[in-house]
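Everything on this sheet refers to the single structure shown next.
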Amino acid sequence: MYQYNEQDQTLIEERVTQFRGQTQRFLNGELGPDEFRALRLMNGLYIQTHAPMLRVAIPYGLLASRQLRMLAKVARDYDKGYCHFTTRQNVQYNWPALERVPDLLAELATVQMHAIQTSGNCLRNTTSDHLAGVCPDELEDPRPYCEIIRQWTTLHPEFAYLPRKFKIAVSGSEQDRAAVQLHDIGVYLVRNEEGRIGFRVLAGGGLGRTPIIGQTVKPFLEKKYLLSYLEAILRVYNLLGRRDNKYKARIKILVKETGLEKFTAMVEDEWLQIRDDMLLSEERIAAMQAQFTPPAYEPTANSDTGLAQHLADDKAFAKWFKYNSVVHRVSGYRAVFVSLKAPDSPPGDITSDQLDALANLADAYSFGEVRSTHRQNLVLADVKQADLYTLWQKLDALKLATPNIGTVTDMICCPGLDFCSLANAGSIGVAREINEALDDLDYIHDIGDVKINMSGCMNGCAHQSVGHIGILGVDKKGEEWYQITLGGSSENEAAIGDRLGPSVAKHQITESITRILDVYVQHRLEEEAFLQTVKRVGLEPFREKVYANH
Amino acid sequence: MPIIKNQQILENTWTFVDDDAPLAGGDITVSVKRWTEDKPALLQHSGKVGVRLTPADNVAALGDDLPFIKLIELHFPTFSDGRTFSQARLLRSRYNYQGEIRAVGNYMTDQVFYLHRVGVDTFEFNDPKDMELALSAIKDFTVRYQASTY
Ligand code: HEM
Ligand code: SF4
């Protein structure tokens with residue numbers, strides 16, 4: 001993975017010094033609350049219900065074991081012994097004290113980590129495919145480009161005060177695991193007719209109040225133009241994006257109100273004037289690719305016979321293998337999902353002890369690296385098949401082996417009323433209730449690929465609008481109600497879910513979900529996944545069942 | 001009010017003249033509107049003449065006039081209006097503007113590092129305390145990622 005050079009290290013240390021000064025001025029009353037708010041947000045610091053929340057950047061979801069240990073230490077020393085992985089591969093702390101945040105950031109800087117631009121109206125962390133570099137369906141590893149973009153976005157002097165936040169995602173594989181189409185700029189690595197690899201660039205996607213799917217602005221962009229094209233889009237957005245209404249300030253609204261054709265023409269016009277001044281050289285790309293070379297795989301890893309035996313002997317292991325590990329580019333290896341969706345724990349949460357133990361497992365079994373996923377789980381990407389059984393036992397002992405990846409209990413869930421001052425309704429409690437109702441693993445496995453996303457309010461932190469089943473907390477005269485949508489997706493066939501009907505009360509939400517699953521089981525054709533059934537039969541059968549005698 | 005120029009605190013010699021006020025003597029700045037409408041008179045002015053841009057002003061509109069404009073003030077109505085940064089960048093890199101670019105209005109000392117990097121070379125602050133802060137903030141970072149000639 002990318003290792004900081006002296007310049008990278010200096011930059012994050014100088015950032016800590018800068019923020020320390022800003023915090024001090026705020027505490028001394030020399031910096032106003034509005035000014036400090038903007039500055040602290042660009043260092044990942046929100047103020048929410050109980051305490052500040054700090055979001056730490058994990059560039060494209062890649063972590064070294066020593067960084068995991070630091071996350072554990074920070075959770076222990078500055079928080080309540082746990083932290084929370086987000087849908088953009090970052091990590092959040094819910095309880096740090098404001099005065100101590102500069103110290104916390106200084107500790108992070110010792111392991112090449114920071115919280116720069118993880119919040120606020122600026123260029124955010126660039127996200128990517130958690131299986132980058134190991135999945136068989138990949139055209140090219142997207143991470144070198146992510147790192148190039150990370151550097152370009154970091155402290156970009158022109159784009160630090162945008163109309164609104166700005167998120168970029170890059171994917172290099174056939175299957176989109178990074179929700180690329182729901183980003184302000186989405187980038188797919190593609191091959192053109194001449195066989196050359198370049199980028200397809202999308203713009204104007206985004207979630208939140210008005211979820212919109214991104215549209216292609218450049219079907220094929222040569223690699224050398226990556227940064228100039230991004231800069232052109234950003235300049236057009238910075239100058240023309242709306243600043244009069246924060247709900248209309250995202251680039252998605254600019255693209256929509258301007259029209260795709262005209263927007264694209266403006267970007268092209270800008271780009272043609274700058275593209276030759278900021279070329280990305282082949283040497284630069286090659287040097288960055290050299291930072292992401294594959295680890296030293298054992299050539300004989302696939303000669304192991306123990307795995308087949310364990311799969312035959314141990315049903316529980318076989319289930320975990322099926323759901324929580326996926327095929328690897330290199331024969332004899334698997335990528336292993338570490339489920340952060342244990343039934344009794346808030347989705348995405350992990351404790352310090354678990355983090356430390358996981359760091360050891362990463363060192364022992366996966367070349368010392370861990371990745372975070374868009375669906376709030378972790379991945380050990382390079383596990384030898386001969387190690388899978390032992391690894392499973394160890395993960396299981398840590399409660400990190402719930403065999404539910406990609407199933408209905410692998411929910412995305414925001415903090416909701418428990419932590420967030422903006423929430424209309426609870427989400428963690430509902431997730432727990434749904435888990436309790438679906439405690440039969442065989443049933444869950446039979447249901448298969450169903451993605452439930454649940455947010456406590458319109459801001460949509462948990463991407464409810466693109467969940468196969470979306471649950472949105474709404475406020476009805478001070479009570480917690482839930483709006484259900486069906487048919488959303490953030491994958492290749494990205495779609496915004498349709499409203500099922502009127503919202504349901506808190507005591508009805510879990511039953512509504514189980515009824516939806518019943519309807520699916522009743523109507524599905526052989527091998528038909530939930531989303532396909534919803535597309536085929538429409539919402540009516542679900543409606544009938546959910547609202548029957550409610 | 002003093003200004004910062006070349007890492008030094010200097011006296012400001014410029015006056016902004018409101019659209020409906022008569023032209024003052026000495027070095028003055030005017031709005032884009034006044035510049036466009038009163039250009040012949042302004043070119044006869046005895047002192048130097050500059051133009052003050054608001055974030056909504058399109059820098060391309062100044063086009064061929066730039067050689068006659070000795071100072072461009074970029075006015076922040078609020079510190080969060082980041083269009084100013086693109087204006088400065090465009091003035092320097094696209095229109096090759098060689099004169100002085102000054103940040104004025106409601107912005108933060110914490111922004112001078114970025115402003116300096118996009119081509120702003122002088123800074124006016126309402127509060128003298130901010131002067132010392134700004135002098136140090138301009139050097140907040142010794143490293144940078146984006147290629148830049150500034
Ligand atoms: C409790 C603390 C939190 C607060 C106060 C908060 C606040 C917000 C707000 C106000 C928005 C709307 C922004 C907009 O419409 O542009 C938002 C969007 C978002 N938040 Fe949060 N959030 C919190 C926690 C989280 C967590 C835990 C996650 C990840 C699981 C998260 C991920 C996101 C994402 C991905 C979006 C929407 C992205 C998009 O619009 O494209 N947030 N958040
Ligand atoms: S979706 Fe709403 S309730 Fe949930 S974390 Fe985001 S802002 Fe808070």
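All of the numbers you see were taken from the coordinates with simple rules; none came from a lab. Since this is a predicted model, take the numbers as computed values, not measurements. So basically every Cβ, Gly included, is an ideal-geometry build from the backbone, and we count neighbours across all protein chains shown.
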| field | At q = 0.05, 0.08 Å⁻¹, base-10 log of I(q)/I(0) for the protein assembly as shown (Debye sum, equal scatterers on each alpha carbon) | value | -0.26, -0.66
| note | Listed with the fewest Cβ neighbours within 10 Å leading, B:122, A:293, A:258, A:87 appear as A:293, A:258, B:122, A:87
| Within region A:136-174, what residues put their amide N at less than 14 Å from the label point 7 Å along the Cα-to-Cβ vector of residue A:302? | A:136
| request: Could you give the size of the charge dipole of region B:2-137 about its Cα centre, using +1 on the Cβ of each K and R and -1 on the Cβ of each D and E, expressed in debye and rounded to the nearest 20? | output: 480
| request: Grab the beta carbon distance between residue B:56 and residue A:273, set R0 = 30 Å, and tell me the FRET efficiency rounded to 0.05. | output: 0.90
| Whether region A:395-516 is rounded, prolate or oblate, judged on the alpha carbon gyration tensor where a/c under 1.5 counts as rounded | prolate
| query | Tell me, what does the Kirkwood hydrodynamic radius of region A:55-109 come to in angstroms if you use every pair of distinct C-alpha atoms? | reply | 11.3
| Value of relative contact order over region A:301-397, rounded to a whole percent, pairs C-alpha under 8 Å and six or more apart | 33
| task | Could you list, by residue number, the cysteines of chain A that have no other cysteine's beta carbon within less than 4.7 Å of their beta carbon? | result | A:83, A:122, A:135, A:146, A:413, A:420, A:457
| task | Have a look at B:117, B:94, B:102 and tell me which one the Gaussian network model of chain B (Cα, springs below 10 Å) gives the largest fluctuation. | result | B:94
| field | Computed E for residue A:210/residue B:106 - FRET, C-beta separation, R0 25 angstrom, nearest 0.05 | value | 0.25
| request: Counting only trypsin sites (Lys or Arg not before Pro) that are in a DSSP loop and have at most 12 other C-beta atoms within 10 Å, tell me the longest site-free stretch of chain A. | output: A:197-476
| Between residue A:137 and residue A:549, what is the label-to-label distance in nm when each label sits 7 Å out along the Cα-to-Cβ direction? | 4.3
| request: Take every Cα-Cα distance within region B:2-137, group them into 10 Å bins from 0 onward, and report for each bin the whole-number percent of pairs it holds. | output: 12, 45, 35, 8, 0
| remark: So, over other residues within a Cβ distance under 15 Å of residue A:275, counting Lys, Arg +1 and Asp, Glu -1, the net charge is -2
| field | Tensor-based shape of region B:65-150 (alpha-carbon gyration tensor, a/c under 1.5 rounded, otherwise prolate or oblate) | value | oblate
| query | From the residues A:263, A:317, A:307, which one has its Cα farthest along the dipole of region A:255-319 in the positive direction, the dipole being from +1 and -1 charges on Cβ of Lys/Arg and Asp/Glu about the Cα centre? | reply | A:317
| task | Report the full-extension gain for the segment residue A:525 to residue A:30: residue separation times 0.36 nm, less the Cα-Cα distance, to one decimal in nm. | result | 171.6 nm
| From the cross-link list A:319/A:394; A:246/A:451; A:165/A:223; A:248/B:33; A:341/A:399, which pairs have alpha carbons spaced over 18 Å apart? | A:246/A:451; A:165/A:223; A:248/B:33
| task | Could you compute the FRET efficiency for residue A:508 and residue A:76, with r as their C-beta to C-beta distance and R0 at 45 Å, rounded to 0.05? | result | 0.70
| Using 7 Å Cα-to-Cβ label points, what is the residue A:245/residue A:421 separation (nm, one decimal)? | 2.5
| said: Taking a ≥ b ≥ c as the square roots of the Cα gyration tensor eigenvalues, with a/c under 1.5 meaning rounded and otherwise prolate when a/b beats b/c, else oblate, which class fits region A:12-62? | reply: oblate
| Dipole axis of the protein assembly as shown (+1 Lys, Arg; -1 Asp, Glu on Cβ), positive-most option in A:366, A:38, A:350 | A:38
| said: Report the Cα-based extents of region A:139-201 along its three principal axes, largest first, to the nearest Å. | reply: 39, 20, 18
| task | May I ask which residue of A:128, A:401, A:502 lies farthest towards the positive end of the charge dipole of chain A, with charges of +1 (Lys, Arg) and -1 (Asp, Glu) on Cβ and the Cα centre as origin? | result | A:502
| What is the pair-distance distribution P(r) of region A:416-459, computed from all Cα-Cα distances in 10 Å bins starting at 0, with each bin given as a whole percent? | 26, 42, 24, 8
| said: Please compute the modelled spin-label separation between residue A:262 and residue B:36, points set 7 Å along Cα→Cβ, answer in nm with one decimal. | reply: 1.9
| request: Just need the relative contact order of chain A here, percent rounded to a whole number, with Cα pairs under 8 Å and 6+ apart. | output: 12
| query | Any idea what the dipole of region A:351-431 comes to, in debye rounded to 20, about its Cα centre with Lys/Arg Cβ at +1 and Asp/Glu Cβ at -1? | reply | 180
| remark: Here the net charge surrounding residue A:396, from other residues whose Cβ is less than 13 Å away from its Cβ (Lys, Arg +1; Asp, Glu -1), is +2
| Selection of GluC sites (Glu not before Pro), region A:80-180, meeting DSSP coil and at most 16 other Cβ within 10 Å | A:174
| task | Treating only the Cβ atoms of Lys and Arg (+1) and Asp and Glu (-1) as charged, compute the dipole magnitude of region A:6-109 about its Cα centre; round to the nearest 20 debye. | result | 420
| note | Here the membrane-span-like helices of chain A, with no claim about any membrane, defined by DSSP H, Cα axial extent at least 20 Å and mean Kyte-Doolittle at least 1.0, are A:226-240
